[in-house]
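Chemist: This is the structure I have questions about; it appears just below.
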Amino acid sequence: TSRQSVQAGPSGIVSAASVFVMALPTAWFQGWADGWPGHAVAHVYLGLEGSVLQMVNHGLSTGGLFLLVGVLYDRTHSRQLDDYGGVAALMPRFAPLALIVVLSSMALPATNGFVGEFLVLLGTFRERPAYATAAVGGVILSAIYLLWMYGRVMHGPVAVKEPAKLTDVTRRREAEDR
């Protein structure tokens, strides 16, 4: 059981990354609860707007990540990270979709999460730099977890026990499953 507690599956990694990303709105709300200086109303609105946008975008990105994990689980019936590897070679259309969702969850520029994270960090940093610095630590940990998971699942040697079950995503396949 100690091995199982150390080795998180893809859904555990997505959950951990989700918690780290939600440090941003939490940092802003903590600063708001501590009482922002009255002269910085514009910074408060930046953080508030960013927090709301971040929560909506986080729901979309995390929902996409869990959908991707669900697709893999549906085909392999495994929650162990060691049971994945080389998925990009077996599912060439799935891999770029997964990469887009992972990058979106990391809030790279030109993705849905970027503007919300930027506004939260900007509004928080101007008033409480220590809170913003702690939140950036969560963002970095989230990016490390997500990129590590993507690399381990998508690349490297094929580690799937039954590779034939990893059929690529198609519109027809998903329609037949309904």
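Chemist: Taking F29, is it open to solvent by 60 Å² or more (accessible area, probe 1.4 Å), under 18 Å from G138 (Cα atoms) and modelled with pLDDT under 85?
Modeler: Values: open to solvent by 60 Å² or more (accessible area, probe 1.4 Å): yes; under 18 Å from G138 (Cα atoms): yes; modelled with pLDDT under 85: yes.
Taking the combined requirement at face value, the residue satisfies it.
Chemist: Answer yes or no as to whether S78 is outside any helix (DSSP H, G or I) and either in contact with a strand residue (DSSP E or B) (Cβ under 6 Å, 6 or more places away or on another chain) or among the small types (G, A, S) (or both).
Modeler: Details: outside any helix (DSSP H, G or I): yes; either in contact with a strand residue (DSSP E or B) (Cβ under 6 Å, 6 or more places away or on another chain) or among the small types (G, A, S) (or both): yes.
The answer is yes for S78.
Chemist: Follow-up. Can you report the number of residues in region 46-91 which are small (G, A, S), crowded, with 18+ Cβ neighbours inside 10 Å and under 26 Å from L119 (Cβ atoms)?
Modeler: 5
Chemist: A further question on this structure: Specify which of the listed residues (P92, P129) is free of Cβ contacts under 8 Å to residues at least 40 places away in the same chain and not basic (K, R). Can you show your working first?
Modeler: Working: P92 fails: free of Cβ contacts under 8 Å to residues at least 40 places away in the same chain.
The conditions single out P129.
Chemist: Can we say G85 is at positive phi, over 18 Å from the mean Cα position of the chain (by Cα) and modelled with pLDDT under 85? Walk me through how you get there before you give the answer.
Modeler: Values: at positive phi: yes; over 18 Å from the mean Cα position of the chain (by Cα): yes; modelled with pLDDT under 85: no.
So G85 fails the test.
Yes/no matrix, rows are residues, columns are (1) more than 28 Å from M22 (Cβ to Cβ); (2) outside any loop (DSSP other than H, G, I, E, B); (3) open to solvent by 30 Å² or more (accessible area, probe 1.4 Å); (4) acidic (D, E):
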position	(1), (2), (3), (4)
L97	no, yes, yes, no
S104	no, yes, no, no
V115	no, yes, yes, no
V120	no, yes, no, no
A132	no, yes, no, no
L141	no, yes, yes, no
W148	no, yes, yes, no
P157	yes, no, yes, no
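Chemist: Something else now. Which of (1) surrounded by 17 or more Cβ atoms within 10 Å (Cβ to Cβ); (2) more than 16 Å from A17 (Cβ to Cβ); (3) without any contact (Cβ under 8 Å) to a residue 24 or more places away in the chain does V136 not meet, given it meets every other one?
Modeler: Status for V136: all satisfied but (2).
Chemist: Based on this model, can you work out whether L72 counts as in a helix (DSSP H, G or I), in contact with a Leu (Cβ under 9 Å, 6 or more places away or on another chain) and at pLDDT 70 or above?
Modeler: Considered against the rule, which asks whether it is in a helix (DSSP H, G or I), in contact with a Leu (Cβ under 9 Å, 6 or more places away or on another chain) and at pLDDT 70 or above, L72 comes out as yes.
The values are calculated or read from the model by the stated rules, or taken from the named source; none is laboratory data. Quick caveat: nothing in here was measured; it's all calculated off a predicted structure. Ideal geometry is used to build each Cβ from the backbone, glycine not excepted, and the neighbour counts take in all protein chains shown. Calculation scope for accessible area: heavy atoms of the full protein, side chains included, ligands and nucleic acids excluded. Shrake-Rupley method; radii C 1.70, N 1.55, O 1.52, S 1.80 Å.
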